[in-house]
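Student: First the structure, which I've put down as structure tokens, then a few questions once you've had a look.
Every number in this text was worked out from the coordinates using simple rules, so none of it is lab data. No experiment lies behind these values; they were computed from the predicted model shown. Cβ placement follows ideal geometry from the backbone for every residue including glycine, while neighbour counts extend to all protein chains displayed.
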């Protein structure tokens, strides 16, 4: 059990830098904003790079999905909080 | 607002959206892996591939397999769909790319069936009870007869029968060639005998399609795709070299004579062991594959320009000289 409370936890999470994905950088590079095309084609990008980007994104999505599921499945933790309405500690 | 102004606004909005890390992340995921966005990941992972087949969703099966095992091909296929390429063409792109990458013969099957029932494997096993196989493989049939197999008439068809004795002869000759595995000529003959008598150890080479279809197929997961690919690539190499071996035996009297001499020697060994009530497998094992000392040295001088020099053998000949 850690003594981490809400505010330092918030501070830690807010200081986490945005994840830099090779795919995100390539997405920005491949964008041609004034053509009306929203998703650029991967044609012309090196095949090995496409493979790396796809694996990276797929693994990232799977990690996020697993993380979400684990948070949903967390057991309730008894809180050491004084609740005056009920007069209990 | 004219179209140019509209495109400018859309363009500026796109640039603004990309400045936001969360939006950029979401766009990247939607760009490369849209299935994870439009479907529940649990459903996506757990849906059985046969469900795609039974619902006639060929594209779904191809995308699912490519997403699971070939993310690069999947990303390219998604891009093609966005570019307006027809489903059929994209589906063919996925299957041909998988075949090029792994050797898995998806094109030889109806595509959805190729995905639905595990990884389809090629089988080259000698079908000695099929007259069509015998007719279309004359060189392999000649080798089988050379090894002591017999040609028998069953109803109106001719079949090849390997007796226990002929199989043991083939086993001795085959095992003795392993000592010379590094020499391409020896290896080609090794594989030719191995293919004829189904003892290469590669299931694609040793078993027929009918035999193979009785097993639980490998499933479409990355590890099993890698495993299937190794088997298939090795089988392709064995089959190619095996054919070279059959040509050597057919076209080089010198090689054929050496092979016949060793088959005769193996026959004497099998007869002797039978008389003495001994078993062949007590002699041949992983540590000693040529316990009877069959000699293949003469093969080195058999084919001009086709043989690899065996330094040990050259040394032997120099010593004799």
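Student: Which order do B:10, B:37 fall in if you start with the one that has the fewest other Cβ atoms within 10 Å? Can you show the working numbers first?
Tutor: Values: B:10 16, B:37 12.
Fewest-to-most Cβ neighbours within 10 Å comes out as B:37, B:10.
Student: Pairing the Cα long axis of helix B:21-32 with the longest principal axis of chain B, what angle in degrees results, from 0 to 90 and rounded to the nearest 10?
Tutor: Tilt of helix B:21-32: around 50 degrees.
Student: If eta is 1.306 mPa s and T is 10 °C, what Stokes-Einstein diffusion coefficient results for region B:67-140, Kirkwood Rh from Cα pairs, in µm²/s? Intermediate values should be presented prior to the final figure.
Tutor: On the way: Rh = 14.5 Å.
D, rounded to a whole number, is 109 µm²/s.
Student: What three numbers, in Å, describe the spread of the alpha carbons of region B:131-320 along their principal axes, ordered from the longest?
Tutor: Answer, in whole Å and largest first: 57, 43, 35 Å.
Student: Okay, next question. Provide the three semi-axes, in whole Å and in decreasing order, of the ellipsoid equivalent to chain B as defined by the square roots of 5 times the Cα gyration tensor eigenvalues.
Tutor: Numbers: eigenvalues 616, 109, 60 Å².
Ellipsoid semi-axes (Å, largest first): 55, 23, 17.
Student: Please give the average number of partner chain Cβ atoms lying within 10 Å of the Cβ of each residue in A:60-69, rounded to a whole number. All intermediate terms of the calculation are to be shown ahead of the outcome.
Tutor: Numbers: counts 6, 7, 4, 0, 4, 6, 1, 0, 1, 2.
Per residue, the average neighbour count from other chains is 3.
Student: What 222 nm value per residue comes from the helices of chain B, counting each DSSP H run with n ≥ 4 as -39,500 (n - 2.57) and dividing by all residues, nearest 500 deg cm²/dmol? It would help to have the intermediate numbers written out before the result.
Tutor: Numbers: 18 runs with 204 residues, N = 321.
So the calculated ellipticity at 222 nm is -19500 deg cm²/dmol.
Student: So for each of A:43-53, B:23-33 I average, over its residues, the number of other beta carbons within 10 Å; can you give me the resulting order with the highest mean first? Mind showing how you got there, number by number?
Tutor: Working: A:43-53: 14.9, B:23-33: 20.8.
Packing proxy ranking, top to bottom: B:23-33, A:43-53.
Student: On a C-alpha basis, how far is the centre of region B:70-85 from the centre of region B:110-159 in Å? Whole number, if you could?
Tutor: 39 Å
Student: For peptide A:20-29, compute the average count of partner chain beta-carbon atoms within 10 Å of each residue's beta-carbon. Numbers along the way, then the final one.
Tutor: Working: counts 2, 5, 1, 9, 10, 2, 3, 9, 7, 0.
Mean shielding by partner chains, rounded to a whole number: 5.
Student: Can you give the translational diffusion coefficient of region B:9-108 in µm²/s, computed by Stokes-Einstein from the Kirkwood radius over Cα pairs at 4 °C and 1.567 mPa s? Provide the component values of the computation, followed by the final result.
Tutor: On the way: Rh = 15.0 Å.
The diffusion coefficient I find is 86 µm²/s.
Student: Below 8 Å, C-alpha to C-alpha, sequence gap of six or more: please give me the relative contact order for chain B in percent.
Tutor: Relative contact order comes out at 16 percent.
Student: Let me know the Kirkwood hydrodynamic radius for region A:20-72, please, with Cα pairs as the basis and the value in Å to one decimal.
Tutor: On the way: mean 1/r = 0.0794 Å⁻¹.
About 12.6 Å, per the Kirkwood formula over Cα pairs.
Student: For chain B, take the longest principal axis of its alpha carbons; what is the angle in degrees between that and the long axis of helix B:311-320, to the nearest 10 within 0 to 90?
Tutor: It is inclined by approximately 20 degrees.
Student: Order B:243-250, B:136-143 from most to least packed using the mean count of other Cβ atoms within 10 Å.
Tutor: Details: B:243-250: 20.0, B:136-143: 18.0.
With the highest mean Cβ count within 10 Å placed first, the list reads B:243-250, B:136-143.
Student: If the label point is 7 Å along Cα→Cβ of residue B:108, which residues in region B:196-210 have backbone nitrogen under 16 Å from it?
Tutor: Flagged as within label range: B:202-210.
Student: Continuing with the same structure: If you take each beta carbon of peptide B:75-85 and count the beta carbons of other chains within 10 angstrom, what is the mean?
Tutor: Values: counts 11, 8, 1, 3, 7, 3, 0, 6, 5, 0, 0.
Averaged over the peptide's residues, the number is 4.
Student: While we're here: Between region A:46-75 and region B:174-221, what is the separation of their alpha carbon centroids in Å?
Tutor: Between the Cα centre of region A:46-75 and that of region B:174-221, the gap is 40 Å.
Student: Would you mind ranking B:58, B:83 by Cβ crowding within 10 Å, fewest neighbours first? Before the final figure, lay out the partial values.
Tutor: Working: B:58 20, B:83 13.
Exposure proxy ranking, most exposed first: B:83, B:58.
Student: For region A:43-82, what ratio Rg/Rh do Cα atoms give with a Kirkwood hydrodynamic radius?
Tutor: On the way: Rg = 18.7 Å, Rh = 13.1 Å.
That ratio is 1.42, to two decimals.
Student: What percentages make up the Cα-Cα pair-distance distribution of region B:173-223 when the bins are 10 Å wide from 0?
Tutor: 24, 38, 22, 16
Student: Taking just the C-alpha trace of region B:71-225, give me its Rg and Dmax in Å.
Tutor: 20.3, 64
Student: How long are the three semi-axes of the equivalent ellipsoid of region B:165-261, in whole Å, if each is the root of 5 times an eigenvalue of the C-alpha gyration tensor, listed from largest down?
Tutor: 29, 15, 11
Student: How far is helix B:164-177 tilted, in degrees, relative to the longest principal axis of the Cα atoms in chain B, given as a value from 0 to 90 rounded to the nearest 10?
Tutor: 70 degrees
Student: Express the Stokes-Einstein translational diffusion coefficient of the protein assembly as shown in µm² s⁻¹, to the nearest whole number, given a Kirkwood radius over alpha-carbon pairs, 20 °C and a viscosity of 1.002 mPa s. Don't skip to the end; give the middle numbers.
Tutor: Numbers: Rh = 27.1 Å.
D = 79 µm²/s.
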